[in-house]
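Working notes for the structure below.
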Amino acid sequence: MPDRLPPLTALRAFDAAARHMSFAKAAEELHVTPAALSFQIKSLEEYLGAQVFRRLNRAVELTEAGRAMAPGMADGFQALAAAWRAAERTLDNETLTVTAGPAFTAKWLAPRLYDFAQAHPEIELRFSATLKLVDLSRDAVDVAIRFGPGTDEGVYSVPLVEEWVCPVMTPEMAARFPTPESLRDATLIFDDSIAFLKPSSDWATWFRMMGVDFAPTAGPRFSQADHAVDAALAGVGVVLGRRSLVVKDIDDGRLVAPYPNALDTGVRFRFLCSEGAETRPQIAAFRDWILAEIEKTGHITDQMIRLPSSDFQAE
């Protein structure tokens, strides 16, 4: 059996036929005639010395050798396609594809994007609002903005804003609840999207920091942080708001943080891209714009007394 691989055209014909389980459909995908595709499969079988398909009446099925080949062929052609797309992206200085969580996209990016678009009309922005993990070297993504305590080995990483949480509410509601103790009588909104944080940065921890013996469990609960903030904006109650998601509403006066004490979560957002890609014009421009936007609301962070949530965990 030869050590050399068979021709790539034969392997490509096999991959298409194995996915479709049809020579006709595979030929249509590859823009060749069914006879040409059948010839490629036949040449592959001669090269291997065994059949990879059983030809049935109006159907085909994989032989044992074909079943052994199919998964690796599919993975190989997917990897080739991904590598080609990655190479094409290095030549594209006009398109920027960004992935960020739904809450960060809705509450931080979306309200500010007009300014970026005005400053950089030459850049076409594309967004994917998802928490799905991405492979920057494989997936069609230029920049990922991620939140959490993770390490960022093997990629270019810039730490963004430090994330703290504090009670935020409408100005009207703040007049009704002037002290932390008075929040015992308020409707408290729970943002379950940060329940994974260790140590906890929840309502019970914040009340312990304030010296208030209160560990609430009742109130509206939201799995998405932006939905919890929207509920607070609608006057439903008080949310333990994350800095990045409420800072613009505080700066614009739609929400207020009437108490100066905030819990430092110990985690932050990070700006990620493939190593070496940070010098591409559109990626560098987007990074610099984000850092400049964060600076604009730095005065709100400076006003807060931030204490580590780890100092106030239940015994």
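A short reminder: the numbers here are calculations on the coordinates, not readings from a lab. This is a predicted model, so every value here is computed, not measured. Positions of Cβ are generated from backbone atoms using ideal geometry, with glycine treated the same way; all protein chains shown enter the neighbour counts.
A DSSP coil position with no more than 15 other Cβ atoms inside 10 Å describes the following GluC sites (Glu not before Pro) in the range 1-105: E94. Sorting K25, K132, K248, K198 by the number of Cβ atoms found within 10 Å of their own Cβ, with the fewest placed first, yields K132, K198, K25, K248.
When every Cα-Cα distance of the range 8-90 is counted in 10 angstrom steps from zero, the calculated P(r) takes the values 19, 50, 24, 7, 1 percent. Cross-link candidates for K42: which lysines have Cα within less than 26 Å, leaving aside residues fewer than 8 places away along the same chain? Qualifying lysines at Cα under 26 Å: K25.
Of the residues H120, H20, H227, the one that moves most in a GNM of the chain with alpha-carbon contacts below 10 Å is H20. Adding -39500 (n - 2.57) for every DSSP H run of four residues or longer, then dividing by how many residues the chain holds, sets the calculated 222 nm ellipticity at -12000 deg cm²/dmol. Of the cross-linked pairs K107/K296; K132/K198; K132/K296, those separated by over 19 Å at the C-alpha level are K132/K198; K132/K296. Values of log10 I(q)/I(0) for the range 114-206 across q = 0.11, 0.18, 0.20, 0.25 Å⁻¹ run -0.59, -1.02, -1.11, -1.38, by the Debye formula with one identical scatterer at each alpha carbon and no solvent. Within the listed set V212, V161, V98, the Gaussian network model of the chain (springs between alpha-carbon atoms below 10 Å) gives the highest mean-square fluctuation for V212. One way to sum up the overall shape of the chain is the equivalent ellipsoid from its Cα gyration tensor, whose semi-axes run 54, 23, 17 Å, largest first.
Result for the chain in a Gaussian network model with C-alpha springs under 10 Å: among A129, A35, A195, the largest mean-square fluctuation is at A35.
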